[in-house]
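**Student:** Quick one: the structure is below, and I'll ask about it shortly.
Coordinate-derived values only; no laboratory data. Since the model is a prediction, treat every value here as computed from it, not as a measurement. Here the Cβ is made from the backbone with ideal geometry for all residues, glycine too, and neighbour counts use every protein chain on show.
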C-alpha cells in the first residue's frame, strides 16, 4: 500500500499558522498557542533528558554521539522517572496520528494541550524524547536485522520496506539527519532561554518578554515537525515498493532543516542579548556587594580579599610559588593597581618603600593587580612575566582572578584609568583613609623638628593619615647618620639607615639617565620631572619635602616654603577640606613668592649620558649647564 503524500511544513496547511511564510506564528495562532500554556505543573530537569534524547537521535543518524556526557545514568534516570507518563501519552498521540486518517495540526495542538502545565523548554524536550523512543526502535531493527536474529524476527513482523532498499532511501535519511540536528540545536536554545534565572532576567520584562513570541514560534515548529517526522517514519515501515514519494519528502526535510538553522541563529542572538542583560544585572549586584564589603569593617580582611580574588584563588608570592590568600589575613595590604605600561622605574621606587616597611617590622604586604583587557592579557604574557620577575611582592596568578565587579569598582570608585594607583586595605579589610606620604631631606635639625611638628599638626587637623620618611642627603654620609639617630631618638618620623638612603638617591639618578636615553624630555615626563626636582633640591644644600598619595597626586617644595605653608595652615585649612590636602597645598605654595628661588642639579659624570635640557625645580625655566669637579662628599 502506498503512503499518502505527507504534508510538509511549507505546504498550504502549515502556511496559515506561520507569518508571511516565515517561521514566526501569526497573531491568531500565537494567541492560540499561548492559551494552551498554564505552567503550574512540576518543574522538570530537562537537560539530562535532552542529553539522552540527543544520544538516541544523533547516534542513530550520525553513527556516533559527538556530544559530551555531562550527566551520569542515575541523574538521567531520576529526571526521566518523573516524565514517563507524559512521554507515554505523547507516544500514544503520535501513534494514533500515524495509524491513518490523522491530522498533523490537530495532533500538534493535542500535544500542546497535553503539556499545558510544563515550561516551553519541557514541552519540546518531552516531545523530542517521545520521538526518540519511536525512532530509536525503528532504527535498531533496520540496522541489526542482518546480524541479529531477534532484530530479524521483529523486522519480519513489522515488515519494514527498507529491507534491501537502504540505498534508495539514503537521500531521505540524509535530509532527516540534518533536520534532527537542527531541531536539537534549537531545542537547546529554547531550554537555555527558559532557564535563565528570573532574579536577573524576569520573564515579564525586556529583553526576555520580547523574546517569548520567538520561543512560542520555535516550540510550535519543533513539535509540529516531530508529528510530521513520526508519521513519515511509520509510513516508511508500512509501504512496499513506492519510494518515489520520499524523493519529494527528502527535499521538504532539507528545506525544513534550513529553516531550523535560521531559527537557531535567531534564537542565539536573542539568547546573547538576554545573557548580556543578565550579566549586567549580576555585575551590578556583585558591584554593590563588593562596595558594602570593602566599605564596612570586618572581623578581618579575608572577606574583602575573597571578594577581590575568589575563595580558592592562589597568588604568586615573591619567590613565584602559588600561595593562598589566607597568608594576607589580618595584614595591611597595599593594592598596586596598573596596566601593563607600569615602568620598571616605578616598580623600583616602590621597592625601596616596601623593603623599608618590611624591615622595620610592619605587618604589611603588596599585591599587584594588573587591570588588562582579555586580549591584551593573552598577547602580553611575556610582559606580565617580565614585570612579575622584578616584583618582590605578591602578584595574581591570572588576570581573570580579579572579578569583573571589582574591576568596575576600581575604575569607577577608585578612579583608575591608566596611571598606576595604590590603595591600602587595613587588617579589617576596609580601605584606609587615604594616607599622605612625605619624603623629606636636609641636615638642619632645627628645621626638621619644626617641619615634622607642624606637618603632623596639619594632618591631625584634617584627620588624614600621614607617614613621614626622612631620606637624608645623598652626599652627607656622616651628618645624615647623625640626623637619622636624632630623628629616631625623638620619634619625629621614620628615618632610613644610610645604606637605604644611598640606594634611594642612586635609584633616582639611575631613573633619570635611562629616560634621557629614550629621548624623553622633562616637559613630557612627569615622573622624571619630579625626580629632577628632588635631586635639584638635595643638591641645593637646602631642606626639601615631597608629598604624594596612592592616587598619584604629588607636590614638592623647598624646605622654607613648605614649612611656611604648614605654619600658616589656618589660612588655607578650609580650602584643604574642600579640595583635598595636596591640591590645596600646591595652590598655597604657588602663592608664596621668594626673591631667590633657583636650584642646582648635580649629576654623576659616569652615567654615559647627561641631559641636554633640565628645568629648574622652582621656576621651571631651562637651567644652564656648568662643569663641577669635586672629590669630597661632605
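**Student:** When you count, for each residue, the other Cβ atoms within 10 Å and take the mean per peptide, how do 77-86, 48-57 rank with the highest first?
**Tutor:** With the highest mean Cβ count within 10 Å placed first, the list reads 48-57, 77-86.
**Student:** Expected output is a single nm value to one decimal: the length gained when fully extending between residue 34 and residue 96, i.e. 0.36 nm times separation in residues minus the C-alpha distance. What is it?
**Tutor:** Net length gain for the segment: 19.9 nm.
**Student:** Say each of residue 383 and residue 567 gets a label point 7 Å from the Cα, pointing the same way as Cα to Cβ; how far apart are those two points in nm?
**Tutor:** Taking the simple label geometry, residue 383 and residue 567 are separated by 4.9 nm.
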